[in-house]
Amino acid sequence: MKRREINAGLAAGLAALAMPTGAKKGKSMTHELKTGGNRGYLRIATEEAFATREQVDVFLRMVKDGTADKGMVSLWGFYGTSPSQRATEILERLMNLDDLRLAHMDATGIDKAVLALTSPGVQPLLDVEEAKGIARRANDTLAAACQAHPTRFIGMTAVAPQDPEWSAAEIRRGANELGFKGVQINSHTQGRYLDEAQFDPIFRALSDVGQPLYVHPATLPDSMMGGMIDAGLDGAVFGFGVETSYHLLRLVTTGLFDRYPDLQVMAGHGFEALPFWLYRTDYMHKAGIRSQRYARLKPLKHDLFHYIRHNFLGTTSGLCWEPAVKLMIEVMGEDRVMYAMDYPYQYVPDEVQAMDNMAVPDAVKKKFFQTNAERWFGL
Ligand code: 1DF
Ligand code: MN
């Protein structure tokens, strides 16, 4: 797309943003969104996505040549080929690490974005050498963008868990040479889960560099797809959260945090609804352990309340909704909940306003928007 067309699109977008959207919904007050901390905090958005052209091209190749699974056909078949406004806009925004993205951050008062290679990264790729090449070049691209805009962009390392030893080395390169502050893995890798022994080098590397792991949703593996597509529920609408919360809970029940007690694992979308479920999950987990229902499951050192308050960090990505965020803060603790927008998949200025207006103490709001991210990403 030519630069002039981008700017024209941007001008139209900004004009739309200037509309008094709060008034439209009959809310009492709306305020201008600005960067720079005029409300007493900077806004750091912690689950923001970018894509590289070669990443999208390989997804499309897999959709066309029949090597993509059902989830990839549903998700990337849509974003890669649909002429809809949603798909074309999102594709353009994903691949922009420059003026367009910064203008959208400015327009919504986002001071800093923590960026990661969009889901599912390179994890569905069958050719492991190709996967590693695309991940490495995406990391180089992101590092260059962070260097060009050091006050606005923060990077997370992309890995190819198909090769755990390579991924461990890339985590170290990301931390030590590229200036990245965390690692994102998009849930399962071709149906394999991170508690499996083969992935241990990844956790050793995370422990060595002292960085958090962000477990982001991915397309459902065929084994979990069932009738999800038929019901229009496989993607971010529902399926993502089901599969990712399953992954997060597996890490607990199989004892990962007893092996790595300092490990910090982040997840978005209201911590994938786990705070809401926690009481029952903990009750039934304990009941299963006490009755020795599962041969593999050994008693854990702590209950699930402990792990959610010592090893887990939640972000709001796409769930900037006051009742849900308040529950997260109450369950996970005010030091463990962070703001995320989920740009470009959910770019809604009203949601930033709703978070600004949330009825929580000013000190908690500053932790939520700014200082928790600074602490946990080590900014
Ligand atoms: C969507 C949402 C796609 C999220 C994503 O990656 C993604 C979507 C491809 O709306 O289809 O990361 N998300 O995090 O909510
Ligand atoms: Mn996301």
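Figures for the structure shown
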quantity: Among Val122, Val252, Val159: highest mean-square fluctuation, GNM of the chain, C-alpha pairs under 10 Å; calculated: Val252
quantity: Under 20 Å from Lys367, Cα to Cα: aspartates and glutamates that are on another chain or at least 8 residues apart; calculated: Glu47, Glu48, Asp111, Glu322, Glu330, Glu334, Asp335, Asp342, Glu351, Asp356
quantity: Greater than 27 Å apart at Cα, pairs in Lys181/Lys366; Lys70/Lys112; Lys70/Lys298; Lys70/Lys301; Lys298/Lys365; calculated: Lys70/Lys112; Lys70/Lys298; Lys70/Lys301; Lys298/Lys365
quantity: Within straight-line cross-link reach of Lys64, aspartates and glutamates at Cα separation under 14 Å, skipping those fewer than 8 residues along the same chain; calculated: none
quantity: Overall Cα dimensions of the chain, principal axis frame, Å, largest first; calculated: 61, 51, 45
quantity: Other-chain or far-sequence residues with amide H under 5 Å of Thr157's (modelled H); calculated: Lys181, Gly182, Val183, Gln184
quantity: Rg to Rh quotient for the stretch 196-309, alpha carbon positions, Kirkwood Rh; calculated: 0.98
quantity: In order through the stretch 260-273: 3J(HN,Hα) via Karplus (6.51 cos²θ - 1.76 cosθ + 1.60), integer Hz, x for Gly, Pro; calculated: 10, x, 9, 4, 10, 10, 9, 8, x, 6, x, 6, 6, 6
quantity: Portion, in percent, of the accessible area of the chain that falls on carbon or sulfur, probe 1.4 Å; calculated: 55
quantity: CD proxy at 222 nm, helix term only [per DSSP H run n ≥ 4: -39500 (n - 2.57); per residue of the chain; nearest 500]; calculated: -14500 deg cm²/dmol
quantity: Cα→Cβ-extended label distance, 7 Å offset, between Asp303 and Trp321, nm; calculated: 2.8
quantity: Computed FRET value (nearest 0.05) for Ala231 with Arg204, which takes r as the C-beta separation and R₀ as 45 Å; calculated: 0.65
quantity: FRET efficiency, 1/(1 + (r/R0)^6) with R0 41 Å, evaluated for Ser291 and Arg192 via beta carbons; calculated: 0.90
quantity: The chain: DSSP helices with Cα axial extent of at least 20 Å and average Kyte-Doolittle hydropathy no lower than 0.0; calculated: 3-17, 239-253
quantity: Heavy-atom surface of the stretch 92-154, accessible at 1.4 Å and reported per residue (Å²); calculated: 33
quantity: The stretch 260-379 - convex hull of alpha carbons, volume per residue in Å³; calculated: 117
quantity: Sites Thr151 and Ala359, calculated FRET efficiency, Cβ-Cβ separation with R0 45 Å, nearest 0.05; calculated: 0.90
quantity: DSSP-defined antiparallel bridges as percent of all bridges, the chain, nearest 5; calculated: 5
quantity: Pairwise label distance in nanometres, Asp140 with Met284, each label 7 Å out on the Cα-Cβ vector; calculated: 4.8
quantity: Cα gyration tensor category, rounded, prolate or oblate, for the stretch 101-254 with a/c compared to 1.5; calculated: oblate
quantity: Residues whose placed amide H lies under 5 Å from that of Phe312, excluding near-sequence neighbours; calculated: Val265
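The values are calculated or read from the model by the stated rules, or taken from the named source; none is laboratory data. Nothing here was measured: the structure is a model prediction, and the numbers come from that model. Because the Cβ atoms are built from the backbone with ideal geometry, glycine has one as well, and the counts that use them run over all protein chains shown. Each accessible area value is taken on the protein alone, full model and side chains, heavy atoms only, with ligands, DNA and RNA left out. Shrake-Rupley method; radii C 1.70, N 1.55, O 1.52, S 1.80 Å.
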